[in-house]
Amino acid sequence: MEKLGRKLRIGPTDNTSYERTPRENLRIIPPAARDSFLPYSRVQPGIRLGENDLTRLAPDLPRADGDAIEMSGQILDDTGQPLRHALVEIWNANKYGKYAHDLDGYSAPLDPNFIGLGRMLTDEEGRYKFWTIDPGCYLARPDINRWRPKHIHLSIRGGASRLITQMYFKDAEHNDTDPMRIVMGDDFHLNIGKQYETPNIDVERGYKFDIVIRGKDSTFFE
Amino acid sequence: MVKNNMNDTINPTNRLPLTNEDTVGPYYPICYDHDDRMDLTKSIVGQQFEPKGDKIILRGRYIDKNGDGAHGALIEFWQANAQGVFRTEDTESSPEIDPHFDGYTRYRTVTGDFELKTIKSGTQLGRAPNITLTLFSDGISRLVTQVFFENEISNETDPVLMSLPQDKRDKLIARLVGEDDDNIPIYDIEIILAGEGETPFFDDFLALGWRD
Ligand SMILES: [Fe+3]
């Protein structure tokens, strides 16, 4: 019988997941073709000073509404090597659960002091640090009253590693009914930021979110 | 509670558990798009340098189960140069690397459609010319496949195409549909994400126990 790869799961109550998830199993990649499935990114955009502080639009402008928080962590590959000089992009909703993005039609208010986008490059140890606003949750399925719990989106790209993921908050409202959280199952804890105190800096609290990403030689587990 | 698909596949060595992939959601920042990203035949915009190889245009669209475009998705493109060599950390200084060809780009599609101007990759190690396409989208974490080109003899022996049943092979072969004003051939592919006529996608997390 032909060997097949994983069958992807459809996120419950997620219409887009229902429409876009392949119904057939994934296919096994022949060993001779594996390298061609390992993209290598050399992206290094020009980044302006302060692009990792989302809490104000410029140093002397007012703070956005809500609690300013720090999100920081280290990005390692699964062998424990730091991912250096990788591009980390984050985006999140404002205090009211509204994205400034053109396509967000949610009725919550925009905050004129919050755009909600940040990016930076990791340092020599693979570390990153952002200041942002503690995001609100938002109503994703008004027809069945299903909300998305608060979360911060991240995209990471560097060398042969890249990942798109989200950081969640411990015991937050609506965590349990979130489709992707349900698909993650017991591994959900890997995507929760660990809260820490921030006594000496101008934010309410911090969340440590260490990330493990597939490394250069670890794409294929054998 | 069900186990996560991705970490299921980790073998019992001392690897760290991977952070779960998640959907990109509908709101990836549009402002991180750059207009030049869908032309890999210009390594530096405004300069005359061009990569070696035959220019082509790959036009395509991602379609969902209802036949609608996968709007708002992020598409990543990855391919070898005209000699069939990928530009990576290990090959960066190799004489086989074309300094004017990158081979990687990422694009946020508004409608599900895309149009990439590039060069046709060379054949090496028995591979037919191909482009690896990765889709990040709302509702799914990541989907990977490879696109090939009509009328390439090497398609007949390519290991990826050969690993598929005949009707699935055809789903990955872009059809020659014409040429643009500069006589650059235009290839066209429709990628069906789910349901009838579904395009084959590949598993780059091989599950333990499934190896040959
Ligand atoms: Fe979101």
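Since every read-out is calculated from the coordinates, none of them should be taken as a lab result. Remember, it's a predicted structure, so these values are computed and weren't measured experimentally. As a convention, Cβ positions derive from the backbone with ideal geometry for all residues, glycine included, and neighbour counts pool all protein chains shown.
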Task: region A:8-75, Rg to Rh (Cα coordinates; Rh as Kirkwood inverse mean 1/r) - done: 1.17
- [ ] List, in the order given, every pair from A:3/A:170; B:117/B:168; A:98/A:208 whose Cα-Cα distance in the structure shown is over 32 Å.
- [x] A:3/A:170
- [ ] Determine ³J(HN,Hα), in whole Hz, for all residues of region A:178-194 in sequence, where each value follows from phi through the Karplus function 6.51 cos²θ - 1.76 cosθ + 1.60 and θ = phi - 60°; x replaces Gly and Pro.
- [x] 6, x, 6, 4, 5, 5, 5, x, 5, 7, 4, 4, 5, 10, 9, x, 9
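Translational D (Stokes-Einstein, µm²/s) of the protein assembly as shown at 10 °C and 1.306 mPa s when Rh comes from the Kirkwood sum over C-alpha pairs? Kindly include the intermediate steps, with their values, before the conclusion.
Values: Rh = 22.5 Å.
It diffuses with D of about 70 µm²/s by this estimate.
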Task: Residue among B:184, B:57, B:192 with the largest mean-square fluctuation in a Gaussian network model of chain B, springs linking Cα atoms under 10 Å - done: B:184
Task: Cβ-based exposure ranking for A:188, B:77, in which fewest neighbours within 10 Å come first - done: A:188, B:77
TODO: Tell me what chain B gives for mean residue ellipticity at 222 nm when only DSSP H runs of n ≥ 4 count, each as -39,500 (n - 2.57), the sum divided by the residue total, rounded to 500 deg cm²/dmol.
DONE: -1000 deg cm²/dmol
Open item on the list: Give me a comma-separated list of calculated 3J(HN,Hα) values for region B:174-186, in order, Karplus coefficients 6.51, -1.76, 1.60 applied at θ = phi - 60°, integers in Hz, x for any Gly or Pro.
Closed with: 6, 8, 6, 10, x, 9, 8, 4, 9, 6, 8, x, 10
TODO: Once you have the Kirkwood Rh of chain B from its Cα pairs, apply Stokes-Einstein at 20 °C and 1.002 mPa s and quote D in µm²/s.
DONE: 115 µm²/s
Open item on the list: Give the average, rounded to an integer, of partner chain Cβ atoms located within 10 angstrom of each Cβ in B:61-70.
Closed with: 2
TODO: Would you mind telling me the antiparallel percentage of the DSSP bridges in the protein assembly as shown, rounded to 5?
DONE: 75 percent
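Starting from the Kirkwood radius over alpha-carbon pairs of chain A, derive D by Stokes-Einstein at 10 °C in a medium of 1.306 mPa s and give it in µm² s⁻¹.
My calculation gives 83 µm²/s for D.
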- [ ] Give me the net charge of residue A:126's neighbourhood, meaning all other residues with Cβ under 11 Å from the Cβ of residue A:126; Lys, Arg count +1, Asp, Glu -1.
- [x] -3
